[in-house]
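The structure appears below as structure tokens.
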């Protein structure tokens with residue numbers, strides 16, 4: 001079965017990990033610092049905190065903001081559940097705003113309609129690696145004093161109006177899962193444009209530990225002393241994972257270019273096939289294509305999906321609207337809330353897209369899709 005996404009691991013990646021395993025530090029060591037510094041440079045030179053997953057990154061971000069019961073978090077339903085559940089776990093009410101039907105991205109007009117005095121966060125998602133419209137979201141967030149969050153699990157290396165992802169929102173979260181642009185096996189990161197939020201994110205991911213003597217509340221202790229001022233969790237990423245991440249980041253431009261090349265080949269080959277829509281790209285965006293989401297029209301998505309799987313093409317669907325999950329249904333959310341998202345979901349199939357996908361394999365996908373649509 002040809003997968004829809006997979007990691008690209010080189011001998012250099014393996015050696016980078018082996019060097020850490022031979023050394024003195026398996027965690028909380030120099031590889032972590034180096035990895036975070038590199039992420040910071042990629043993301044507009046803002047402080048970066050590495051962590052154990054993209055899901056952890058979202059939890060850290062919401063905790064750093066101070067999200068609590070009574071707060072509202074506006075986000076998209078066209079995402080993995082963690083974008084919303086990270087806020088729900090902290091007691092916030094998640095308000096789902098609809099998406100643009102052509103891109104699947106959070107719609108600024110829908111966000112504006114959902115604003116309230118209780119809005120604490122607007123959380124956009126760079127679906128498929130295409131940055132959302134942050135210039136439209138910024139004044140909306142500012143109008144109610146909300147924090148703007150970019151769930152950039154799909155989009156490291158992308159730009160919007162020539163600005164890098166990481167520099168577009170107050171807080172940005174990344175994922176380094178194996179199918180993403182670069183991988184640490186499991187891993188993530190939080191980037192903050194605000195120094196106070198960055199400090200709170202770092203302490204939350206480090207079990208809440210404070211190690212700055214100027215902030216100690218218990219004075220006159222020895223060099224061993226550390227304190228916890230607010231509860232946190234152990235979300236630290238290891239040196240082993242960061243060594244893999246550093247090696248992967250050295251090939252980020254190569255990965256991004258190959259994904260763009262494969263996307264262009266798909267666009268050209270599929271443009272005249274009836275019953276199909278290919279992804280949209282805005283003119284002010286340079287995406288980092290994590291997914292290649294096609295739209296199967298005329299109610300044929302399930303049929304075409306099953307035919308492709310039967311042909312050995314491991315397509316996927318990204319995503320079921322978050323509020324369809326039983327955990328949100330049990331909280332009172334109903335189907336029909338976001339019609340565009342539901343239509344997008346009913347039509348979407350993600351075709352195989354990863355750097356090691358060969359042109360010959362891609363041609364097999366294209367031929368199988370054309371045959372399934374006949």
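The values are calculated or read from the model by the stated rules, or taken from the named source; none is laboratory data. Owing to the predicted nature of the structure, the values given are computational and were not obtained by experimental measurement. Glycine also receives a Cβ, built like all others from the backbone with ideal geometry; neighbour counts cover every protein chain displayed.
What are the pairs, 6+ residues apart or on separate chains, where a residue within the range 308-326 that is assigned by TED's automatic domain parsing to the domain that holds residue 361 and surrounded by fewer than 16 Cβ atoms within 10 Å (Cβ to Cβ) has its Cβ under 9 Å from a residue that is part of a strand (DSSP E or B) and modelled with pLDDT of 95 or more?
Final answer for the pair search is 312/2.
Scan the range 109-148 for residues that are in a helix (DSSP H, G or I), touching a helix residue (DSSP H, G or I) at 6+ places or on another chain (Cβ under 7 Å) and surrounded by fewer than 21 Cβ atoms within 10 Å (Cβ to Cβ) and jot them down.
Within the range 109-148, 112, 136, 140 meet the criteria.
Is the range 70-77 home to any residue that is surrounded by fewer than 21 Cβ atoms within 10 Å (Cβ to Cβ), in contact (Cβ under 8 Å) with a residue 12 or more places away in the chain and farther than 24 Å from residue 278 by Cβ?
First, the residues of the range 70-77 that are surrounded by fewer than 21 Cβ atoms within 10 Å (Cβ to Cβ): 70-71.
Add one more test, that the residue is in contact (Cβ under 8 Å) with a residue 12 or more places away in the chain, and what stays is 70-71.
Filter again for farther than 24 Å from residue 278 by Cβ, leaving 70-71.
Yes, that holds for at least one residue.
Would you call residue 29 more than 30 Å from residue 160 (Cα to Cα), at pLDDT 95 or above and surrounded by 16 or more Cβ atoms within 10 Å (Cβ to Cβ)?
Yes, satisfied.
Pairs, please: C-beta under 7 Å, at least 6 apart or cross-chain, first residue touching a residue at least 24 places away in the same chain (Cβ under 8 Å) and in the range 198-227, second surrounded by fewer than 11 Cβ atoms within 10 Å (Cβ to Cβ)?
Within 7 Å, the pairs are 208/231.
Suppose the filter is assigned to a strand (DSSP E or B) and modelled with pLDDT of 95 or more; does residue 295 pass it?
yes
Residues in the range 338-362 that are touching a residue at least 12 places away in the same chain (Cβ under 8 Å), surrounded by fewer than 16 Cβ atoms within 10 Å (Cβ to Cβ) and under 17 Å from residue 264 (Cα atoms): how many?
3
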